[in-house]
Amino acid sequence: MKRAYNFNAGPSALPLDVLNRAQEEFINFKNSGMALMELSHRSKEYDQVHEKAISDLKEIYGIPEGYEVLFLQGGASLQFSMIPFNFLKPNKVGNYVLTGTWSEKALKEAQKLGQTAVISSSEESSYRYIPSTDALVPTEDAAYVHITSNNTIYGTQWQEYPEFGNIPLIADMSSDILSKKVDISQFSLIYAGAQKNLGPSGVTVVIVKKDLLHDIPGNIPTILNYQTHAKNNSLYNTPPTFSIYVLSLVLDWVKAQGGLEGIENLNNRKADLIYQCIDQSNGFYKGHADDNSRSKMNITFTLPTEELTKKFISQSKEKGFVGLAGHRSVGGCRASIYNAVPIESCEALVKFMNDFKANN
Ligand SMILES: *Cc1c(COP(=O)(O)O)cnc(C)c1O
């Protein structure tokens, strides 16, 4: 079988090694005579998978003491609601930085539950840039500041993170988690749907500072309370066992790539290849994001005309490329080059882009 050049935005490419291992172990997990999916989530075999996934994530990121790693469901989208349910008290203000569609959605859920403020927005420029961290000033009585670390649709990414002293910083890292080294202690809560960089859809990873969990209102639904999941080690209800298992295989793979340092180096090389191709195309390809806000995960670009864009996408499909159409809200093209997209796919894309330009 020839693997596709998979540039899907999510769900997206998984490492072939991970898929092979999942296949080998699929029917008879660790000689249990059962598939992992058939095991009780209270079984010894599953418990080992669950614990290993938590400890590997802590090890890979160097997560300090005083943080919980949770495996939840409902995607990153449920976090948009859980955050205000848990942390937006009546006399407080949820602060949001708008850098794209996902931060808008996060804000919208908070607006239903309490007071909010937009402390910065790049909407007027079609979300081409990330605001400078110095320019961000939280409101009085800020409950937290929420950012989207990588904007999957517009192709922008925070290059450094703001610091606000005692005000908790919360980040939606769905599309760049585990793509580079991050100092977790800068954040009070990080969340990410798994289906971009961590594994299959179905599990959402939350890394949360325990201090934040002390004062959660008791009148919110049990399942939406972070304390419920922290107290029960993410086994309050049946977790998505298969997704967590594949996540644990992805973590093994990350370690085998030299951890975050190895992954980050490779991601830099991949992104450089494609941005260089765009920059050296004499304006044939134009990047959507401003240079200093470019994402290393989602590369967004346009062609001179709508007609050429259509032709580009249809010819790319013929050549085995998948997922290069831009999001419907931005148009143009997008190459999502998450961790598991091999550099060979990026090289093939650059060759295709150069050939297409020469022929058109
Ligand atoms: C994909 C994505 C989401 C939505 O994730 P779901 O798991 O589908 O809810 C939210 N935020 C960002 C930044 C994303 O890339």
Exercise. Out of the residues in region 113-124 that are touching a residue at least 12 places away in the same chain (Cβ under 8 Å) and part of a helix (DSSP H, G or I), which is nearest to residue 302 (Cα to Cα)?
Worked result: 123
Problem set entry | region 227-242 - residue that is without any contact (Cβ under 8 Å) to a residue 60 or more places away in the chain and part of a helix (DSSP H, G or I) and, of those, most open to solvent (accessible area, probe 1.4 Å) | 231
For this session: Identify the residue in region 200-244 that is hydroxyl-bearing (Ser, Thr, Tyr) and more than 15 Å from residue 53 (Cα to Cα) and, among all such residues, is nearest to the ligand (Cβ to nearest atom).
Result: 201
Problem set entry | Number of the condition not met by residue 309 [criteria: (1) without any contact (Cβ under 8 Å) to a residue 40 or more places away in the chain; (2) open to solvent by 20 Å² or more (accessible area, probe 1.4 Å)] | (2)
Exercise. If the Cβ limit is 7 Å and pairs must be 6+ apart or interchain, which residue in region 81-94 that is over 15 Å from residue 105 (Cα atoms) pairs with which residue that is assigned to a loop (DSSP other than H, G, I, E, B) and of a type in the set (Gly, Ala, Ser)?
Worked result: 88/114; 90/114
Seminar exercise, completed: Checking 140, 45 in turn, the sole residue that is free of Cβ contacts under 8 Å to residues at least 60 places away in the same chain and either open to solvent by less than 70 Å² (accessible area, probe 1.4 Å) or outside the structural domain of residue 248 (by TED's automatic domain parsing) (or both) turns out to be 45
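I'd like to know if region 4-26 contains one or more residues that are hydroxyl-bearing (Ser, Thr, Tyr) and touching a helix residue (DSSP H, G or I) at 6+ places or on another chain (Cβ under 8 Å).
Yes - at least one qualifying residue is present in region 4-26.
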Exercise. For region 52-67, does any single residue satisfy the condition of being open to solvent by less than 20 Å² (accessible area, probe 1.4 Å) and farther than 19 Å from residue 204 by Cβ?
Worked result: no
For this session: Determine, yes or no, whether residue 113 is closer than 15 Å to residue 79 by Cβ, away from the ligand (no atom under 13 Å from the Cβ) and not assigned by TED's automatic domain parsing to the domain that holds residue 298.
Result: yes
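Residue-by-condition table, conditions (1) part of a helix (DSSP H, G or I); (2) among the small types (Gly, Ala, Ser):
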{"residue": "11", "(1), (2)": "no, no"}
{"residue": "46", "(1), (2)": "yes, no"}
{"residue": "55", "(1), (2)": "yes, yes"}
{"residue": "63", "(1), (2)": "no, no"}
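Listed here are the residues, each with its yes/no results for (1) closer than 30 Å to residue 50 by Cβ; (2) touching a strand residue (DSSP E or B) at 6+ places or on another chain (Cβ under 6 Å); (3) open to solvent by 60 Å² or more (accessible area, probe 1.4 Å); (4) part of a helix (DSSP H, G or I).
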| residue | (1), (2), (3), (4) |
| --- | --- |
| 251 | yes, no, no, yes |
| 266 | yes, no, no, yes |
| 269 | no, no, yes, yes |
| 275 | no, no, no, yes |
| 289 | no, yes, no, no |
| 316 | no, no, no, yes |
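The values are calculated or read from the model by the stated rules, or taken from the named source; none is laboratory data. Keep in mind that this is a model prediction, so the values were computed, not measured. Note: ideal-geometry Cβ built from the backbone for every residue, glycine included; neighbour counts use all protein chains shown. Please note that ligands, DNA and RNA were not included when accessible areas were found on the heavy atoms of the full protein model with its side chains. Shrake-Rupley method; radii C 1.70, N 1.55, O 1.52, S 1.80 Å.
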